[in-house]
Amino acid sequence: MYALVDCNNFFVSCERVFNPSLNGHPVIVLSNNDGCVIARSNEAKALGIGMAVPFFQIRQLVEKHQVVVFSTNFTLYGDMSDRVMTVLSELVPGIEVYSVDEAFLHLRGLEKLREQVENIARVVTKSTGIPVSVGVAQTKTLCKVANHFAKKYKGYEDVCIIDTEEKRIKALQQTEIGDVWGIGRRHRNMLEYHGVKTAYDFTLKSRAWIRSKMTVVGERIWRELNGQLCLEREDVDSGKKQICTSRSFGVPIVGYDRLLESIVALAALGVAKLRKQKSLAKGLYVMVQTNRFDDDMYKSSRFITLSYPTSDLAEIAGYCRKMLNQLYVNGLEYKRAGVIFQDLIKEENAVRDFFDPVDREKQSRLSDALDSIAGKYGREAVKIAIQGEGYQPNIKQTYLSKRYTTNLKEIIEIRV
Ligand SMILES: [Mg+2]
């Protein structure tokens, strides 16, 4: 059996851990530049605040109901996520981290299933302060369904287990087809046109029909909903094929040096992800843009194929500089920039090239050392000089909380 553990209202819950007075109050967290709502407490949901709604549209509602607002604090959320995943990995034989606030667990046998799972939820919440919901079933797609029920209905007390044929059918009958994991809008429309309204209707279609309409991707979902295991580890955890980091700057950037700093800081974020999934990039794309609402908006990008695949920031920063030399127009106010790593390959599949001028062994030892320092003291601790202060001071974060868990100067204070 699998269990899907999902942190409830994750970003809001992270803020509440360090500010318990927020419990019971409506709280929301905003995206970069305080643009849109990306997390809501249950109280905020009850006020009718939708997901991804632009902040300016709900300002009145926020004032009227004294909703507490936070700018996104990814340093804090990332660290809390690591804590949750670490605790989980100590409790079960296998864990596959699926997103910042979700992980699939391989459970220890079937004995005392409910007890086992309730214990996991309790330990996580006790150790980290983050409340979680758990869905248990034979396949990952069914776990998603179960998790949805665990969240939606109070009676489940945050744990929903689908362990009989009867429960499986009942759950699928109450699940709209568009809510099934992996069914996008286009497929939903097509299925509804053919009379498939619920997940259960979907499972009643023949496997051949599903395959002809939705290829092997649909067939997999069909098999998973029917209780046949097929989303194996590789499928959900093979790493991404491209890594994209881009930002809008709250305050526009003027001047070559500042823009280069920001681009290299974005590249550094991408490199961290690249190294985490043990990949190297063969292609690099850099984009800059001025205000898109201006009539004479300037937008330009460059792509290069790297002679030798790499995940080394210093090397990549050099390429960023070369590309920016071609992109940069003096005197403009830059509003947005992006860095994309493409054509990723696994480190172990990299072929050593006789003509490669870089000592890759030495370079990888340096990168490993930097990673371990970053692991201990945070990504800010060591940077390459070209990065400067990076993009951070440019982002609009009016309601930012402290980095309680990663910066000693911002640690929580208690008055006794
Ligand atoms: Mg969640």
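Could you list which residues have their amide H under 5 Å from that of Val27, counting only those 5 or more apart in sequence or on another chain, with H placed in the peptide plane?
Result for Val27 returns Ser41, Glu43, Ala44, Val68.
Can you list the lysines whose alpha carbon is less than 28 Å from that of Lys322, not counting same-chain residues fewer than 8 positions off?
Within the straight-line cut-off, Lys322 pairs with Lys240, Lys241, Lys273, Lys276, Lys278, Lys282, Lys299, Lys335, Lys346, Lys362, Lys383.
Using only Cα atoms, locate the centre of segment 154-225 and the centre of segment 1-57, then give the distance between them in Å, rounded to an integer.
Each part reduced to its Cα centre gives a spacing of 28 Å.
Straight-line reach only, C-alpha to C-alpha below 25 angstrom: list the lysines that Lys151 could link to, leaving out same-chain residues fewer than 8 apart.
Lys45, Lys112, Lys126, Lys140, Lys167, Lys170, Lys197
Rounded, prolate or oblate: which fits the chain when a ≥ b ≥ c are the square roots of the eigenvalues of the alpha-carbon gyration tensor, with rounded for a/c under 1.5 and prolate only if a/b beats b/c? Write out the running numbers ahead of the final one.
Values: a/c = 1.59, a/b = 1.36, b/c = 1.17.
Prolate, since a/c reaches 1.5 and a/b exceeds b/c.
Relative to the longest principal axis of the chain, what angle (0 to 90°, nearest 10) does the C-alpha long axis of helix 113-128 take?
30
Relative to the longest principal axis of the C-alpha atoms of the chain, give the angle of the C-alpha long axis of helix 360-377, reported between 0 and 90° and rounded to the nearest 10°.
70
Just add up the charged neighbours of Trp222: K/R +1, D/E -1, any other residue whose Cβ is under 10 Å from the Cβ of Trp222.
On the way: positive: Lys205, Arg207, Arg211, Arg220, Arg223; negative: Glu219, Glu224.
Net of charged neighbours comes to +3.
Using only Cα atoms and rounding to the nearest 10 degrees, what angle (0 to 90) does helix 256-276 make with the longest principal axis of the chain?
Helix 256-276 and the main axis of the chain meet at about 40 degrees.
To the nearest 20 debye, what charge dipole does segment 164-236 have about its Cα centre, counting +1 at the Cβ of each Lys and Arg and -1 at the Cβ of each Asp and Glu? Show your work: numbers first, answer last.
Details: 14 positive and 11 negative charges, 45 e Å.
Once rounded to the nearest 20, the dipole reads 220 debye.
Of Asn23, Asn147, Asn325, which has the largest mean-square fluctuation in a 10 Å C-alpha GNM of the chain?
Looking only at Asn23, Asn147, Asn325, the largest GNM fluctuation is found for Asn325.
Calculate, in whole percent, how much of the Cα-Cα pair population of segment 1-162 lies beyond 27 Å. Intermediate results must be reported in sequence, preceding the final value.
Numbers: 3493 of 13041 pairs.
Above the 27 Å cut-off, segment 1-162 has 27 percent of its Cα pairs.
Test of understanding: what is the full-extension gain from Arg321 to Arg186, defined as 0.36 nm times their sequence separation minus their Cα-Cα distance? Mind showing how you got there, number by number?
Values: separation 135, 0.36 × 135 = 48.60 nm, distance 4.09 nm.
Between Arg321 and Arg186, full extension yields 44.5 nm more.
Determine the dipole magnitude for the chain: charges of +1 sit on the beta-carbon of Lys and Arg, -1 on that of Asp and Glu, nothing else is charged, the reference point is the Cα centre, and the result goes in debye to the nearest 20. Intermediate results must be reported in sequence, preceding the final value.
Values: 59 positive and 50 negative charges, 125 e Å.
Dipole of the chain, to the nearest 20 debye: 600 debye.
Taking the solvent-accessible surface of protein heavy atoms with a 1.4 Å probe, what is the per residue accessible area of segment 164-236 in Å²?
Values: 4390 Å² over 73 residues.
Value for segment 164-236: 60 Å² per residue.
With charges only on Cβ, +1 for K and R and -1 for D and E, what is the dipole size of segment 243-394 about its Cα centre, in debye, rounded to 20?
Details: 22 positive and 19 negative charges, 64 e Å.
Using Cβ point charges on Lys, Arg, Asp and Glu, segment 243-394 gives about 300 debye.
Percent of Cα-Cα pairs per 10 Å bin, from 0 to the last occupied bin, for segment 243-394, please list those.
Taking all Cα pairs of segment 243-394, the binned fractions are 11, 41, 33, 13, 2, 0 percent.
Name the residue farthest towards the positive end of the dipole of segment 209-335 from the options Cys244, Gln289, Ser279, assuming +1 on Cβ of Lys and Arg, -1 on Cβ of Asp and Glu, about the Cα centre.
The one lying farthest along the dipole's positive direction is Ser279.
As I understand it, the dipole of segment 1-162 uses +1 on the Cβ of Lys and Arg and -1 on the Cβ of Asp and Glu, about the Cα centre. Which of Gln66, Gly48, His106 lies farthest toward its positive end?
Gly48
The values are calculated or read from the model by the stated rules, or taken from the named source; none is laboratory data. Note that this is a predicted model, so its numbers are computed, not measured. Virtual Cβ from ideal backbone geometry, glycine too; neighbours counted across all protein chains shown. All accessible areas refer to the heavy atoms of the entire protein, side chains included, with ligands and DNA or RNA removed. Shrake-Rupley method; radii C 1.70, N 1.55, O 1.52, S 1.80 Å.
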